[in-house]
Amino acid sequence: MKWVLRIFLALLVLAIAGVAWWLFAQRQAPLPPAETTAAKLQDPQLIARGAYLATIGDCAGCHTAQGGKPYAGGRSLPTPFGDVPAPNLTPDDATGLGQWSFDAFWRAMHEGVGRDGHSLYPAFPYTSYTKVSRQDAFALFAYLKTLPPVRSENGSPSLRFPYDLRASLATWRALYFRPGEYLADPKQSDEWNRGAYLVQGLGHCNECHVARDNLGGMPKNSTLTGGQIPAQNWYAPDLSTRDHGGLQGWSTGDIVALLKTGQSSKGAAFGPMADVVMQSTQHMHDGDLRAIAVYLQSLPPRPAPGKGDSPLDASALLADGAKLYATQCASCHGKDGQGITGVYPPLAGNASVTEPSGINAIRIVLLGGFAPSTAAHPRPYSMPPFAQQLNDRDVAAVVSYVRHAWGNGARPVMERDVATYRHTPVE
Amino acid sequence: MSLLSSACLALAILAAALPTTVVRATDAPTVPDTLKQRIAACTACHGEHGEGTPESGFFPRLAGKPAGYLARQIRNFQDGLRKYAPMEYTVRGLTPEYMHEIAEYFAAQRVPYEHSPVPRISKAMLDRGKTLATEGDPARKLPACAACHGTQLTGVEPDIPGLVGLPYDYISAQLGSWRTHTRAMVAPDCMATIASRLSEADITAVSAWLATRQVSVDAHAQPVGSVTPPLACGVLGAKEVAR
């Protein structure tokens, strides 16, 4: 049955692809090599601005392999459809951006089309980068052109059928992608508009902080509502600070503190967000961080979640969890889950504890780890991994307790969830 | 200081300390501002003093190893030269300064060595292990372990680790890792060259013999420059290159 469904889906995708092919020319004209904008690209102020923008966009986060030269590519982004390697952004003629003109770079950022005219896979978040202004793209390009060229061949995506067909990509683009620069909202303040521009554009926050559908597309009418990051098994929480939002009650200062230092009185960054803080947001200007906070605080309230009632009686699990919490967790996180600001995050009211899936709390208990190293916290405290010490039931018990206690009110997690995430590869 | 003034001082300290202690007891937990407290993620597996788990052989001893070596291992996990997902995850964000501070902490620890289990192998095999470790096998271009790791195999400051006091499982796993490219060093990788020249029986023999060595608690690495490595080693010649 599953196979019939799959074949049907594949045929459906192909049929839509055919129509999409008809409607949108699938391959655009190749662009000529770099023209003579060379002089303009030398402006040191432009280059410095480009460097800052590259940091905001965290380009190096994907375009640098583990232990590799910065921006020389080589890291593969895992997706549910297969792995997509991030290419070399250094100005090497043969393997990098050496032969790229600004027009080609702009087309990649704005339209998601490569220099050879082929559509790019949306693992490159052009769905967000299309909002970036042409001036900012030019500054970014100027900066990338100053990097030491590194010869590093780009890998090929290893995608499963039918996603390996470029025609599938035409379908995807027809369904989910509309190019367009950010348009300022005249009803909002300059600060709000700056925040919206950064969050929606280079910051590409929505690429993780929204639930994607089965084809990896992002819903049009909801942004930053939170979702499981595909193929990485972390949950990126809802970012609304209003009623029932993931960051309910977070002040401007809390948001700025988390992005700048990795920690706030409401929670700490971990997993993929720890990398984002260390490589990107901690280096952002305070004005930009405040603008981001102002924008996030304007996100709408969310509908009240359904009661965390489970048909199963979790009382025994919760009682065991309470005992484990008292012996294993309370000495750092406090008996009431209040944490210690700047040292250990609170667990009461923490969006990463109460997120719908339970993945984050389970994996943090199993993996432990250090809080992000930032200029504010260069010697962060850490949490011991409990994978060796606690079995699946113990982890389920303590996580269920933490999700339930102190008014957190989130549903319990199952032993089988722990078993699954115990074996999730750590990226 | 007179008895009276000491008593007054003690009372004053108590009075000053009392309210905060009481508040903290009911409110937030108190956390010591020590490196040991900060690195709970390390000590959970490697032990509070870096003693490792000699009984299981899984988590290696860190205590007393040269700091340069330990810091380099953290860096190698960051860079993916050494492959072990939980370690790569744990150390991914540490700054070079913090890495060195953590390395110094474990290098300074002095804890007794514990005996770890060794597989039952023949005396001939053990003798073979001893020969490899102390004399090498010139015909196969295998230098003695002692040629680099020190005459007592306790390591050499600041970059070469001791080989004694480690469990059999750990040593044999590391030599195997060099052969399967899940452990590597900055090129030229001398240990990769050596491991590729060892047979599986050699690895068993040399790991078993090393694991049988008794080590005194005050054993320490030899001083800087006390050995002349017979092979070119990136980690010894070319120092850490900034990324």
Take the conditions surrounded by fewer than 21 Cβ atoms within 10 Å (Cβ to Cβ) and either part of a loop (DSSP other than H, G, I, E, B) or at pLDDT below 95 (or both) and apply them to residue A:60. Does it pass? no
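Can you spot a residue in region A:70-91 that is among the basic types (Lys, Arg) and more than 19 Å from residue A:120 (Cβ to Cβ)? Working first, answer last.
To start, the set of residues in region A:70-91 that are among the basic types (Lys, Arg) comprises A:75.
Now narrow it down to the ones that are more than 19 Å from residue A:120 (Cβ to Cβ): none.
The answer is no; no qualifying residue exists.
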Output yes when any residue across region A:295-304 is at pLDDT below 95 and crowded, with 19+ Cβ neighbours inside 10 Å, and no when none is. no
Run residue B:44 past the list (1) crowded, with 20+ Cβ neighbours inside 10 Å; (2) in contact (Cβ under 8 Å) with a residue 12 or more places away in the chain and report the number of the one that doesn't hold. (2)
What single numbered condition from (1) modelled with pLDDT of 95 or more; (2) within 24 Å of the chain's Cα centre (by Cα) fails to hold for residue A:386? (2)
Between residues in region B:19-41 that are more than 10 Å from chain A (Cβ to nearest Cβ) and residues that are modelled with pLDDT of 60 or more and assigned to a helix (DSSP H, G or I), which pairs lie under 8 Å by C-beta distance while being six or more apart or on different chains? B:36/B:43; B:36/B:105
Candidate set from region B:43-94 (those that are small (Gly, Ala, Ser) and within 9 Å of chain A (Cβ to nearest Cβ)); member that is nearest to residue A:370 (Cα to Cα): B:93
Number of the condition not met by residue A:219 [criteria: (1) of a type outside the set (A, V, I, L, M, F, W, C); (2) modelled with pLDDT under 95; (3) assigned by TED's automatic domain parsing to the domain that holds residue A:59; (4) more than 15 Å from residue A:79 (Cα to Cα)]: (3)
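Among the residues of region A:193-205, is any β-branched (Val, Ile, Thr), buried (at least 19 other Cβ atoms within 10 Å of the Cβ) and not in a loop (DSSP other than H, G, I, E, B)?
Just the residues of region A:193-205 that are β-branched (Val, Ile, Thr), to begin with: A:199.
Filter once more, so that each one left must be buried (at least 19 other Cβ atoms within 10 Å of the Cβ): A:199.
Filter once more, keeping what is not in a loop (DSSP other than H, G, I, E, B): A:199.
Yes, some residue in region A:193-205 is β-branched (Val, Ile, Thr), buried (at least 19 other Cβ atoms within 10 Å of the Cβ) and not in a loop (DSSP other than H, G, I, E, B).
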Being buried (at least 22 other Cβ atoms within 10 Å of the Cβ), outside the structural domain of residue A:207 (by TED's automatic domain parsing), touching a residue at least 40 places away in the same chain (Cβ under 8 Å) and assigned to a helix (DSSP H, G or I) is the requirement here; does residue A:142 meet it? yes
Of the residues in region A:233-262, those that are of a type in the set (S, T, N, Q), touching a helix residue (DSSP H, G or I) at 6+ places or on another chain (Cβ under 7 Å) and not in a helix (DSSP H, G or I) come to A:233, A:241
Exactly one condition in (1) surrounded by fewer than 20 Cβ atoms within 10 Å (Cβ to Cβ); (2) in contact (Cβ under 8 Å) with a residue 40 or more places away in the chain; (3) of a type in the set (Asp, Glu) is not met by residue B:200; state its number. (2)
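For residue A:320, indicate whether it is surrounded by fewer than 18 Cβ atoms within 10 Å (Cβ to Cβ) and in contact with a helix residue (DSSP H, G or I) (Cβ under 7 Å, 6 or more places away or on another chain). Full working, then the answer.
Working: surrounded by fewer than 18 Cβ atoms within 10 Å (Cβ to Cβ): yes; in contact with a helix residue (DSSP H, G or I) (Cβ under 7 Å, 6 or more places away or on another chain): yes.
Yes.
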Which pairs do you get when a residue that is in contact (Cβ under 8 Å) with a residue 24 or more places away in the chain, found in region A:411-427, comes within reach of a residue that is assigned to a loop (DSSP other than H, G, I, E, B) and among the hydrophobic types (A, V, I, L, M, F, W, C), reach meaning Cβ atoms under 6 angstrom, with the pair 6+ apart or on two chains? A:412/A:314
Select from region B:218-229 the residues that are loosely packed, with under 12 Cβ neighbours inside 10 Å and under 18 Å from the mean Cα position of the chain (by Cα) and write down the one among them that is farthest from residue B:112 (Cα to Cα). B:223
Considering each residue of region B:47-66, count those that are buried (at least 22 other Cβ atoms within 10 Å of the Cβ) and either touching a strand residue (DSSP E or B) at 6+ places or on another chain (Cβ under 7 Å) or closer than 27 Å to residue A:262 by Cβ (or both), and give that number. 3
Selected residue (only one of B:211, B:238, B:187 is at pLDDT below 95 and crowded, with 19+ Cβ neighbours inside 10 Å): B:211
A careful count of residues in region A:300-347 that are within 14 Å of another protein chain (Cβ to nearest Cβ) and among the acidic types (Asp, Glu) gives 1
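The values are calculated or read from the model by the stated rules, or taken from the named source; none is laboratory data. The shown structure was predicted, so the numbers you read here are calculated from the model rather than taken from an experiment. Note that each Cβ is placed from the backbone with ideal geometry, even for glycine, and that neighbours are counted across all protein chains shown.
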